[in-house]
Amino acid sequence: MGQNQLALKMTLKQKDLQRSKFNHSYWEKNAAKYKTSHSVSWGDANMIQLEIKNILNYIDDGDYVLDAGCSNGYSTFAIASARNIKVRAFDYSKKSIKYAISAQHEKDKERKIKFYHGNILNIDESDNTFDKVYTIRVIINLLSWNLQKRAIKEMHRVLKPGGLFLMSEAFMGSLRNLNKLRVLANLPPLTVHDFNLYLEERKTEKFLQKYFDIVEIKKFSSIYYVASRFLRYLTMTKQDKDTYINDINNFFATFSETENSGDFGIQKLYVLRKRSISL
């Protein structure tokens, strides 16, 4: 490697480190602000419930589960309470883990969950350990594709052979589709937050197929996004307050997706089965 290439590589690593520090600071502040509330990760409670519901479709009684990037445990508690399972759950935010542990005496009396501070880029778990691993809007918090790929490889490492990685993340293709719809009503395009890097479907799927069989891609939020990010704005007056919780959002959150639902939901669930790879 030439000196120019080496310097470029070092510069990119420094940028990754700076962006990671920014992200960590953001989530630590959010944890301090919202404590045990769902708002620590997102204000859209309907979407959080849809995420939980869809992940639960693939978790069975008796599973040993890893929640990689659990935040304050809001979704972890819901998933653990719905199944007879054991869960290991970690997050990079120490404050989030503190609030998860503080809520455990009330929300996890059976102590199904073990919370700990950890890093998704270097998970403190043995190879081939878990039946199921899931992420909920975690990989998008890694602000470079190289870091995202590294996290996905860690999911593969800690899963048992044939185990499932349930990857509930945000995707750019769906965002572009939704913004094309919003143009019809002269609505401004939705943008990606500074603390997120949404995944590109084709690039992500090409990489995933090195490590996983793609069992299913659940476009579980398409109807809800059309309603909450498009239809609702057609009904609003200037006096209406723009909030996630309202009659239209609540109503359409109950609809099940069909083959006709389209691909407008930024959040999608990739159901991935670990397969052996040749190194």
Provide Rg and Dmax in Å for the range 201-249, with only Cα atoms included in the calculation. 17.2, 51
What aspartates and glutamates sit close enough to Lys274 to cross-link, taking a C-alpha to C-alpha distance under 16 Å and skipping anything fewer than 8 places away on the same chain? Asp63, Asp127, Asp131, Glu154, Glu205, Asp213, Glu216
Given the convex hull of the Cα atoms of the range 117-176, what is a quarter of its surface area in nm²? 4.5 nm²
If you keep only loop residues by DSSP, which GluC sites (Glu not before Pro) in the range 23-113 have at most 15 other Cβ atoms within 10 Å of their Cβ? Glu110
MRE, 222 nm, helices only [DSSP H, n ≥ 4, -39500 (n - 2.57), over the chain, to nearest 500]: -13000 deg cm²/dmol
At q = 0.17 Å⁻¹, the log10 of I(q)/I(0) for the range 57-179 from a Debye sum over equal Cα scatterers comes to -0.85
Taking the Cα centre of the chain as origin, work out the dipole magnitude from +1 charges on Lys and Arg Cβ and -1 charges on Asp and Glu Cβ, in debye rounded to 20. 780 debye
Cut-off under 5 Å, modelled amide H: who pairs with Ala68 long-range: Tyr134
I'd like to check one number: the per residue accessible area of the range 142-279, probe 1.4 Å, reported in Å² as a whole number. 53 Å²
Convex hull over the alpha-carbon atoms of the chain: what's its volume per residue in Å³? 153 Å³
Spin-label pair Ser37/Lys94, simplified geometry with 7 Å Cα→Cβ offset, distance in nm: 2.5 nm
Using r as the Cβ-Cβ distance of Asp247 and Ser102, and R0 as 30 Å, what FRET efficiency do you calculate, to the nearest 0.05? 0.30
Taking just the C-alpha trace of the range 144-268, give me its Rg and Dmax in Å. 16.8, 55
Of the listed links Lys35/Lys107; Lys35/Lys114; Lys35/Lys219; Lys132/Lys153; Lys53/Lys268; Lys86/Lys107, those spanning more than 21 angstrom between alpha carbons are Lys35/Lys219
Just need log10 I(q)/I(0) for the range 49-94 at q = 0.15, 0.18 Å⁻¹, Debye formula, equal scatterers on the alpha-carbon atoms, no solvent, rounded to two decimals. -0.34, -0.49
All aspartates and glutamates inside 14 Å of Lys180 as judged from Cα atoms, apart from same-chain residues fewer than 8 positions distant: Asp263
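At a Förster distance of 51 Å, what's the computed FRET efficiency of Leu231 paired with Arg157, Cβ-Cβ distance as r, to 0.05? Intermediate results must be reported in sequence, preceding the final value.
Details: r = 42 Å, r/R0 = 0.83.
About 0.75, to the nearest 0.05.
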Sum of side-chain charges, Pro189 neighbourhood, beta-carbon under 12 Å (Lys, Arg +1; Asp, Glu -1): +4
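For the range 154-198, which semi-axes, largest first and in whole Å, follow from the square roots of 5 times the eigenvalues of its Cα gyration tensor?
Working: eigenvalues 228, 29, 6 Å².
Semi-axes (√(5λ), whole Å): 34, 12, 5.
The values are calculated or read from the model by the stated rules, or taken from the named source; none is laboratory data. Note that the structure is a prediction, hence the values are computed from the model and not measured. Every residue, glycine among them, receives a Cβ derived from its backbone with ideal geometry; neighbour counts consider all protein chains shown. The protein model used for the area step is the full one, side chains on, heavy atoms only, and it has no ligands, DNA or RNA in it. Shrake-Rupley method; radii C 1.70, N 1.55, O 1.52, S 1.80 Å.
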